[in-house]
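This report refers to the structure that appears directly beneath it.
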Amino acid sequence: MSVLLALDIGLAFLVFAVAAWTVFAPGGFAATVGYVVYGLLLSLVWIRLFAVDVALTEAAIGSGVTGVLLIGAAARLRGAEATAREGLTGLTRLFIAGLCLLVAGALAAVVLLLPDEGPTLAPQSMQSLPETGLGNPVTAVLIAYRSFDTMLEKVVLVLAVVGVWSLAADRFWGGGPGEARAERPEPTLAFFAQVLVPIGILVGVHVFWVGADEPGGAFQGGAILAAMWIIVMMARLTEAPQTSAFWLRAALIAGPAVFLAVGVAGAAVAGGYFAYPPGLAKPLILFIETFMTFTIAVTLAMLVAGPPRREPRR
Amino acid sequence: MTFVLEVFSIAAIGAGVLFFLAGTAGLLRFPDALSRLHALTKADNLGLGLIVLGLLPRAESLLDALRLVAIWALVQLAGATAAQLIGRAVRRKGSAA
């Protein structure tokens, strides 16, 4: 048995073990920590499957941003957890476990029953790659071949923020989420934020920029930028903006709006809805991705910041 | 890669793995949160440092080598900060359970 195969098998066992631990962990906080570790292990699995783009996304969104969201939720629900556990009878739990097993089993069966040469569109996607001017086929799929889907995904993100904001109490409507800026921020976190954030912004922009030709892109870069903003807000060096601020709302819709505008213009200029004129594809894709990265960063940060909790200032 | 560099690389990575093993054992066996934290940070600092050191001769370019060192430095920063924050939280709680 080669070393790599042994490593792969070990990795698979670890993923299973951590998944099981996440399910049976005592309390929401422990389960969340398990889930974050699970996500990081999963991104290693994606790397072993040579899907570096997916690995980056899993680490940044699946493990990172979702982890922060869940930790916030676990902290908020700590008091109510005991009562929530009593509400589930043994039979309900058994039923839920059965359903989960059924779904997991069906998925496993489908994957295992695939023919050895799985159906793939990879050759076609590589064939058309030169027309887009891009070097990374994943980016080409996301922003060129199925750009309409990607645009709609970004609209869903905006709806998620609207959903979070609508949880605000009436008197906080339009105010800022999270804690106010501190007079004297906690020194450890403040130092951490001041050192890390400039580097992190550079890395985030880099990951976005290389996405055209190498693994990376708007989502991964945007998630890193969002994390940097979240850290500065957590350190209370700055506070989240008022949700009524015009610039914030414009930032939240800039990505999908620019995407949609370019897509509609394609119908007039390039002879097809969401088509790019030949030769101009790469600059247009980068133009869209720039706005998308910005919007994703703002959206994810606002999702983590939560509903408005401070009274609006006029 | 010359023989000397190869031996150096394997030795450094092996030593780093040893630190991670010891750190994990400490994390599992030490009685209170502060000593567990102590064990963990040693694995982060020295263990990862040695592994990065061992990987440096294997880097394909100077840029890759710099990236490895940068990753180590960032983990240092994050690890030290997290350890400080957890340590403070433990002390504030009063019990080191």
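What follows is calculated from the coordinates using simple rules that are stated; it is not laboratory data. Model, not experiment: these values are computed from the prediction. Note: ideal-geometry Cβ built from the backbone for every residue, glycine included; neighbour counts use all protein chains shown.
Some points to look at:
- Global geometry of the stretch A:129-314, whether rounded, prolate or oblate, following the gyration tensor of its Cα atoms and the 1.5 cut on a/c: oblate
- Count Lys and Arg as plus one, Asp and Glu as minus one, and take only other residues whose Cβ is under 14 Å from that of B:Leu74; the net charge is then 0.
- Computed label-point distance, nm, for sites B:Lys93 and B:His38 using a 7 Å Cα→Cβ extension: 1.8
- Alpha carbon centroid spacing (whole Å) that separates the stretch B:21-97 from the stretch A:149-186: 34
- Charge tally around A:Ala223: other residues with Cβ under 13 Å, Lys/Arg +1 each, Asp/Glu -1 each, net -2.
- Charges were assigned to the Cβ only: +1 to each Lys and Arg, -1 to each Asp and Glu. The resulting dipole of the stretch A:169-314 about its Cα centre is roughly 460 debye.
- A Förster radius of 35 Å, combined with the Cβ-Cβ distance separating B:Thr2 from A:Ala6, puts the computed FRET efficiency at roughly 0.75.
- With 0.36 nm allotted per residue and the present C-alpha distance subtracted, the A:Leu152-A:Arg93 stretch has 17.7 nm of extension available.
- Charge-dipole axis of the stretch A:129-314 as Lys and Arg at +1 and Asp and Glu at -1 on Cβ define it, positive-most pick from A:Leu202, A:Pro312, A:Ile231: A:Pro312
- Whole-number percent relative contact order across the stretch A:129-314, with pairs defined as alpha carbons under 8 Å at least 6 apart: 37
- Cα principal axis extents for the protein assembly as shown, largest first, Å: 70, 66, 51
- Packing-based exposure ordering (other Cβ within 10 Å, fewest first) of A:Asp116, B:Asp32: A:Asp116, B:Asp32
- Sorting A:Thr299, A:Thr22 from the fewest to the most surrounding beta carbons within 10 angstrom yields A:Thr22, A:Thr299.
- With neighbour counts taken as other beta-carbon atoms within 10 Å, the residues B:Lys93, A:Lys282 rank, fewest first, as B:Lys93, A:Lys282.
- Estimated 222 nm signal from helices in chain A, with DSSP H stretches of n ≥ 4 weighted -39500 (n - 2.57), rounded to 500: -22500 deg cm²/dmol
- Using a Förster distance of 30 Å, the FRET efficiency for A:Val111-A:Ala25 (Cβ separation, nearest 0.05): 0.65
- Three principal axis extents of chain B based on alpha-carbon atoms, in descending order, are 54, 25, 11 Å.
- For the stretch A:53-188, the Kirkwood estimate of hydrodynamic radius, built from reciprocal distances between every pair of different alpha carbons, is 20.8 Å.
- The stretch A:270-286 and the stretch A:191-228: distance between their alpha carbon centers, rounded to Å: 26
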